[in-house]
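Written out below as structure tokens is the structure these notes cover.
The values are calculated or read from the model by the stated rules, or taken from the named source; none is laboratory data. On a predicted model such as this, the values are computed, not experimentally measured, just so you know. Ideal geometry is used to build each Cβ from the backbone, glycine not excepted, and the neighbour counts take in all protein chains shown. Surface areas here come from the heavy atoms of the whole protein model, side chains and all, with no ligands, DNA or RNA. Shrake-Rupley method; radii C 1.70, N 1.55, O 1.52, S 1.80 Å.
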Amino acid sequence: MKVIRLEPYGYCAGVENAINIALETKKNNADRNVCVLGMLVHNQDALQTLTKNGIKTIYQEGKTLEELVDLIPDNSIVILTAHGHSKEIEDKILDRHLEFVDATCPFVKQSMGVILHSSVKGKDIFYIGKKGHPEASASISISDKVHLIDFSNPIIPNIASDEPLVISQTTFSKKEVEHIVNSIKEKYPKAIIKNGVCHASDLRQSAIENLDEDVDLIYVVGGKNSNNTQTLLRIAKNKFPNAKVIPIEKDLEIKRRDLEGLSLIAISSGASTPKEVTNRVYFRIELLCN
């Protein structure tokens with residue numbers, strides 16, 4: 001039996017940057033309370049690393065970032081997550097006389113910069129994203145010229161302009177948003193299409209697309225709340241309908257019975273999954289099979 005780790009794996013540059021910013025901030029402020037507003041990245045192992053280093057995550061299911069700001073202890077330094085945030089969040093933090101450090105992914109910043117530039121010029125923007133996802137929420141907060149097209153229920157809005165800018169959340173796949181883009185172009189033939197998918201997500205998606213057709217099992221390793229991981233899962237299921245495709249967060253979820261009689265197993269992992277987690281999955285499979 002052959003087991004392969006699809007490359008790249010481990011943190012993408014944006015996630016690694018965010019974690020390093022948080023750890024460095026705590027190192028330089030050992031006597032201060034350093035906390036993250038929301039989930040810095042959507043991966044439990046990464047969040048545990050922060051906790052072990054004395055960095056608290058301010059997060060409650062169902063609460064908005066605006067509501068979470070009220071839960072931050074006084075005199076804290078606040079890390080803003082890799083997904084981006086609204087100007088209103090910064091203002092509310094400053095109103096509480098707190099400091100903040102921006103750990104937004106550079107690619108997300110670039111995408112939001114395109115949106116801001118276009119909105120300032122008076123253009124309407126169609127943003128294809130997941131409703132409620134922090135990156136989508138941050139992007140549509142930039143201007144009332146930004147219209148969310150929810151990926152799971154894509155409704156194309158009516159606008160006066162015939163040349164809207166179209167851009168997507170960074171964690172989707174180009175193929176997945178293609179049918180939405182085509183629907184937009186049918187209604188607005190002059191729409192300007194910008195690629196919003198980040199390079200890290202694109203590489204991981206391509207690794208699955210280029211995988212050997214004879215694969216028997218694909219483990220997709222990543223957090224349940226990670227949109228880029230869920231995208232990999234959908235791609236794997238669509239590309240290989242006859243293979244077993246199993247989402248896991250850690251190696252202990254692997255079951256021996258799933259490995260029996262297989263020839264080729266592939267391991268794909270999300271951009272916020274630590275390299276050590278993917279390696280543990282690999283070695284666990286090797287251990288159970290031998």
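Quick look at the values:
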quantity: Centre separation in Å (Cα based) which lies between the range 145-199 and the range 89-131; calculated: 18
quantity: Accessible surface, the chain, averaged per residue in Å² (probe 1.4 Å); calculated: 49
quantity: Relative contact order %, the chain, counting alpha carbon pairs below 8 Å whose residues are six or more apart; calculated: 22
quantity: Formal net charge of residues neighbouring Pro73 (Cβ-Cβ distance under 12 Å; K, R +1; D, E -1); calculated: +1
quantity: Contact order normalised by residue count of the range 160-290, Cα under 8 Å, 6+ apart, percent; calculated: 25
quantity: Interchain or long-range residues, amide H under 5 Å from Ile192's placed H; calculated: Leu165, Val166
quantity: Coil-residue trypsin sites (Lys or Arg not before Pro) of the range 25-108, DSSP, other Cβ within 10 Å capped at 16; calculated: Arg32, Lys63, Arg96
quantity: Length released on extending from Asn242 to Asn53, taking residue separation times 0.36 nm less the Cα-Cα span; calculated: 63.7 nm
quantity: Under-5 Å amide H pairs with Leu264, H placed in peptide plane, nonlocal only; calculated: Lys2, Asp216, Leu217
quantity: Accessible carbon and sulfur surface of the chain relative to its total accessible area, %, 1.4 Å; calculated: 48
quantity: Cβ-based net charge around Ile184, under 15 Å, with every Lys or Arg adding one and every Asp or Glu removing one; calculated: -1
quantity: Under-5 Å amide H pairs with Leu148, H placed in peptide plane, nonlocal only; calculated: Tyr127
quantity: Local electrostatic count at Ala103 - Lys and Arg +1, Asp and Glu -1, tallied over other residues with Cβ under 12 Å; calculated: -2
quantity: Cα gyration tensor, the chain - rounded (a/c under 1.5), prolate or oblate; calculated: oblate
quantity: Cα-centred dipole magnitude for the chain, charges only on beta-carbon of K, R (+1) and D, E (-1), debye, nearest 20; calculated: 360
quantity: Filtered GluC sites (Glu not before Pro), the range 183-290: DSSP coil and at most 12 other beta carbons within 10 Å; calculated: Glu213, Glu260
